[in-house]
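**Student:** There's a structure below that I have some questions on.
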Amino acid sequence: MTDRNRAARFGVLWALQYDRRPQDLPLLRFLLQQQTTFYQEVVSWGMAPDLTLAGFLVAEHRQVEDLWLHWTAKNVSFDTALGYHLYHLLTGGVAATVEAVRASAHPDRDRILGDITSDRHTDAAVEEWLNGQRARFPAAPADESLESWAHHAARLGEREASRLFMTEWAIGEPRTEATLNALQFHLAQLGYLTEAVVVQREAIAISESSWPGAKASKLLALAQLQRRADDPSSAWKTLEEVRSVLPSDKQGSCQGLWWHFAKECFLLVPLTPDDSTARRRLAASDQYLQGIPRLWMDGVLSAAVAAAEQADDPLILHRYRTLQQAAAHEREQEFGQATRGAASGPTTS
């Protein structure tokens, strides 16, 4: 499902951030309702500043009746429940909001009261939170950072402008892993994969972590970028380097790295141009798969099946499909045990 008006709606919200007027409230309420609908219909997880900005601009008007709009936005998903701050509801005044909820017949009345009647929720605390939001969403364009401009441009679909803002932002920042990670991720999201590969190589070169798993993780990210950039040969060489630093224990805390590593190996098999090399890579990937637990995680076996199909190896394809069935059964058992454990609850003596 898509929202054809998402970029246009964000453009209006962004303009309203810099041009705030009392008469804008009806429009802001409409935009918040539309953003909430977008999250309800399209966004299954996560929360971006588009929803937070819409909520903040409504909250700045401090109208008690808007608490219901904020409550709906907050309760879209687990992520919005955590990320959309409760203080959106309280900007009309804590006492006035509590009174309005108590007088209502809203089906969530008692639940909302339980959330907002804590002693720590004071008008001073709400004002402090609002000041933080004002700093996050400044009223003057000149107060925005280049990084913010980069993200704004990306939401409007302006890829090249977003790339230029982000690279300019990175030039002015210390050349740390954090800076390079942000730059690489942004470039990759925009589709500038060749540039993202260069940045990821630099991040690997300056990494100071002595834990082998950290280097393996960074190299895996590089291999994934190379694969997406249609450079399977370089990606396979990077995966060979990953194997040389990957911790040997497949059962412990590094099993997630092994899932990721095996999956990347299998994903490269269908991209290999000649059959002989594809079969060799499939055999190597199969070897890496041995001993990795919980194979229902991370789509490892789906990648393995696709690789076996591409290599036209019916024996190994049959084995992977059998493993898929066993992994699905294992997943059902594991989740069933977790559900029964949660349902039984703690025991007391």
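The values are calculated or read from the model by the stated rules, or taken from the named source; none is laboratory data. A quick note: this is a predicted structure, and the numbers were derived from the prediction, not measured. Quick reminder, even Gly has a Cβ in these numbers, built from the backbone with ideal geometry, and neighbours come from all protein chains shown. All accessible areas refer to the heavy atoms of the entire protein, side chains included, with ligands and DNA or RNA removed. Shrake-Rupley method; radii C 1.70, N 1.55, O 1.52, S 1.80 Å.
**Student:** Look at S209 and say whether it is among the polar types (S, T, N, Q) and open to solvent by 60 Å² or more (accessible area, probe 1.4 Å).
**Tutor:** yes
**Student:** Is the range 267-286 home to any residue that is in contact with a Lys or Arg (Cβ under 8 Å, 6 or more places away or on another chain) and either assigned to a loop (DSSP other than H, G, I, E, B) or open to solvent by 60 Å² or more (accessible area, probe 1.4 Å) (or both)?
**Tutor:** Within the range 267-286, one or more residues are in contact with a Lys or Arg (Cβ under 8 Å, 6 or more places away or on another chain) and either assigned to a loop (DSSP other than H, G, I, E, B) or open to solvent by 60 Å² or more (accessible area, probe 1.4 Å) (or both).
**Student:** Quick one: how many residues across the range 159-171 are under 21 Å from the mean Cα position of the chain (by Cα) and surrounded by fewer than 17 Cβ atoms within 10 Å (Cβ to Cβ)?
**Tutor:** The total comes to 1.
**Student:** Only one of P174, P138 is outside any helix (DSSP H, G or I) and open to solvent by 60 Å² or more (accessible area, probe 1.4 Å); which?
**Tutor:** Among P174, P138, only P174 is outside any helix (DSSP H, G or I) and open to solvent by 60 Å² or more (accessible area, probe 1.4 Å).
**Student:** Kindly indicate whether any position in the range 271-280 is in contact (Cβ under 8 Å) with a residue 12 or more places away in the chain and over 18 Å from S233 (Cα atoms).
**Tutor:** No.
**Student:** Restricting to the range 287-308, and then to whatever is touching a His at 6+ places or on another chain (Cβ under 9 Å) and within 15 Å of L268 (Cβ to Cβ), can you tell me which residue is surrounded by the fewest Cβ atoms within 10 Å (Cβ to Cβ)?
**Tutor:** It comes out as A308.
Residues are listed down the side, and each one gets a yes or a no for (1) open to solvent by less than 40 Å² (accessible area, probe 1.4 Å); (2) basic (K, R); (3) modelled with pLDDT under 95; (4) in a helix (DSSP H, G or I):
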residue	(1), (2), (3), (4)
R4	no, yes, yes, no
G11	yes, no, yes, yes
V43	yes, no, yes, no
M47	no, no, yes, no
L69	yes, no, no, yes
Y87	yes, no, no, yes
